[in-house]
Structure formats: C-alpha cells, structure tokens
Amino acid sequence: MKTLKFKLYQHKRNRYLKRIINASGVIYNHCIALHKRYYRIWGKHLSCAKLQSHIAKLRKRKDFWQSVGSQAVQDICQRIEKAYQLFFKHNKKGVRPPGFKKLKKYKSFTLKQAGYKFLGGNRIKIGSRVYQFWKSREIEGTVKTLTIKRTPLGELFMVVVVDNCAEPEFEVKTSKIAGFDFGLKAFLTCSDGTTIESPQFFKQSLTLIKKASRHHSKKLKGSANRERARKNLVRRYEDISNKRRDGAWKLAHELTDRFDVLCFETLSLKGMQRLWGRKISDLAFGEFLQILEWIAKKKNKLVVFIDRWYPSSKTCVRFV
C-alpha cells in the first residue's frame, strides 16, 4: 500500500467539495450524538451496522446530507466505530471516546470504490464535476481509496491510497552498522563519534510566531482582518512543519546511504515531552523515525530498536 498526495487547483467549483466536507461534519456530529443517546437510554454500545442503517434512512430525507456519497457516509460510521473500539481497549491508559467537532475544523471525506473517476492527465471527476490537480507523479497500481482533505488555510488536497504498485529496487551495500543516541543538545550522536545537530525550526521562527499570534489576538472576532491574521499565523506553522519534514527526509536518506543497519533506543517520547515540552516537539524524533523506517524498508536496510534501559548514551560517550 502506498499513499500519494496531490494538491487541487484553486477554483470556484472547489466550494462544492468544501460543502461536502461540511456536510460530512454534520453527519459525524449526528452520529456521535446518536451514540451518546443510545448509551444513555439502553446502556449499550451502538453497533456500526445499526448506525449505518439509520443514517441511510435519514439521508433520504435530508437534502444537505445527500451531497455526501453513500460510501463516504459508511466510512464516517466505520471511523467512529474504530475510535470507540480503541476507547474500550485503552480507556485505562487515558484514551478518550470520540467527541463532537466544529465544522470549520472538520477536515475530510473518503470515497472507496465509487464516486470518483480519473479522466486522464491531471483531471478527476468527483460526483458530477471535474477538478484538476497538480500531478507531481504518476498514479500506478490499483486505487483503493480517495480522500479529499481541507487544510486550515482552506486549500484542498487529494490523498490517493494505491495497492499493487511496482517499486524500483534500491540497494546499496556498505556493510556498516551504527548506533544512534537521541539527545537534547545534539539531535543524534553516532557510535562512530559524529554528531548531528537539529536546526530547531520552531525556535528559529519563534519571534515571527509570537508576532503573528499577537496580531491575530488583537483583531476583532468575526472580522475579515482577524481571518487574514489567522491565515498568516497558520502559514507560519505550516512553513515550520514543511521545513522540519524536509530535513527529516534528507537526513533519513543520508543515514541509509551510509549504513546498512541503524540501531536506535526505544524512548518514551510522551514522558520526555512532559519534562521538556516544546523542545521535544521541535525535534520531532518520532516523526523522523517513521520516515527513516519507511526509507530503510524501501532500500532494504534494517532499523533496530534497543531497550530503553540499555546504556546507549554511555556507549556513545565512550566512543567520542
């Protein structure tokens, strides 16, 4: 399975997709309300099959709901069911049940086998309308799902999940093994004595973030100036996120080209975040490991995780 992401062209007809996302948010909140009411009356969990059947009947009487495809409605019910199952399984660990969402913050809807059609080139038909997207790469394999996502800036992206796609083999053997220790002063300390510093993109942009946040808080609520200030603040955060992700991809490629086996310690990132807060979030070690594992699998490299109580820091210091 592979996930491809494409940005949709800005166009007036995009308002129809945003309307579908808003309608999906209304259906989602209605499903949450039904779950709460059913449990309050019967003391039982509302099954996904019953919920889908009930929503299908309501959808016939509500014109606004009919803009959302039947498969997208089924996906909403299934996602709520998964969220409740996680809550039942891990509620003692602090996992909370799904709750209501503001329509402005509701992000997406998902189509599976029907409701869309690729027309060739960079055009796709969703419902009865044709949209264009930035085709940065070819879509190879069998399309399993298509998701339309809305960002806080109001931009629309198309996320395509494909299966059975042919991947080119990348295999460069170096016969080298390295261990890495994560730290606050140095992002990674390698067992060969080298260190990798983190740019700390959030810390670099903190002055601009504070300035944009002050401008936003001073504007009158509900005004056009406040909306412009909000979008400016969101752009600042998105810029930081993009820089951090780009740096993580480049570092992951660099390490997998240098070593065949990469060893990391298993860390409690949530516990570290409680202790050091913003700095741990800025380093984004968890996101980096996810990217590294994906690239290592693609290049036939091995990522090994060592127990957190192993004295890796002392070992790396000894090598230095």
> Scanning the range 180-238 for residues that are modelled with pLDDT under 90 and among the acidic types (Asp, Glu), which turns out nearest to Asp260 (Cα to Cα)?
Replying inline: Asp192
>> Can you report the number of residues in the range 216-241 which are open to solvent by 90 Å² or more (accessible area, probe 1.4 Å) and in a helix (DSSP H, G or I)?
In response: 5
> In the range 257-311, which residues are within 25 Å of Lys203 (Cα to Cα) and acidic (Asp, Glu)?
Replying inline: Asp282, Glu287
> Identify, please: which residue in the range 25-58 is among the polar types (S, T, N, Q) and either modelled with pLDDT under 95 or over 22 Å from the mean Cα position of the chain (by Cα) (or both) and is, among those, surrounded by the most Cβ atoms within 10 Å (Cβ to Cβ)?
Replying inline: Gln52
>> I need the full set of residues from the range 1-46 which are in contact (Cβ under 8 Å) with a residue 24 or more places away in the chain and hydroxyl-bearing (Ser, Thr, Tyr), in order please.
In response: Thr3, Tyr9, Tyr16, Ser24, Tyr28
> Which condition does Thr207 not pass, out of (1) of a type in the set (Ser, Thr, Tyr); (2) open to solvent by 80 Å² or more (accessible area, probe 1.4 Å); (3) touching a residue at least 60 places away in the same chain (Cβ under 8 Å), if it passes all the others?
Replying inline: (3)
> Does Thr195 satisfy the condition of being open to solvent by 30 Å² or more (accessible area, probe 1.4 Å), over 28 Å from Tyr106 (Cβ atoms) and not charged (D, E, K, R)?
Replying inline: yes
> Got a sec? Which of Thr174, Thr194, Thr207, Thr189 is in contact with a Gly (Cβ under 8 Å, 6 or more places away or on another chain) and of a type in the set (Ser, Thr, Tyr)?
Replying inline: Thr189
> Would you pick out the residues in the range 83-116 that are closer than 24 Å to Gln71 by Cβ and out of contact with any helix residue (DSSP H, G or I) (no Cβ under 9 Å at 6 or more places or on another chain)?
Replying inline: Ala83, Gln85, Leu86, Tyr116
> So which residues in the range 53-74 are under 23 Å from Lys149 (Cβ atoms), in a helix (DSSP H, G or I), touching a helix residue (DSSP H, G or I) at 6+ places or on another chain (Cβ under 9 Å) and not aromatic (Phe, Trp, Tyr), if there are any at all?
Replying inline: Ile55, Arg59, Gln66, Ser67, Ser70, Ala72, Val73, Gln74
> What pairs can you find where one residue is in the range 265-285 and polar (S, T, N, Q), the other is open to solvent by less than 50 Å² (accessible area, probe 1.4 Å), and their Cβ atoms are less than 8 Å apart, with a gap of 6+ or different chains?
Replying inline: Gln273/Ile280; Ser281/Phe202
>> Looking at Phe264 and the list (1) assigned to a helix (DSSP H, G or I); (2) open to solvent by less than 30 Å² (accessible area, probe 1.4 Å), which single condition is not satisfied?
In response: (1)
>> Please list, ordered by residue number, the strands (runs of 3 or more DSSP E) wholly in the range 84-176 having 2 or more residues that are surrounded by 13 or more Cβ atoms within 10 Å (Cβ to Cβ) and of a type in the set (S, T, N, Q).
In response: 108-111, 142-150
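The values are calculated or read from the model by the stated rules, or taken from the named source; none is laboratory data. Quick caveat: nothing in here was measured; it's all calculated off a predicted structure. Cβ coordinates were reconstructed from backbone atoms using ideal geometry, including for glycine residues, and neighbour counts include every protein chain displayed. Please note that ligands, DNA and RNA were not included when accessible areas were found on the heavy atoms of the full protein model with its side chains. Shrake-Rupley method; radii C 1.70, N 1.55, O 1.52, S 1.80 Å.
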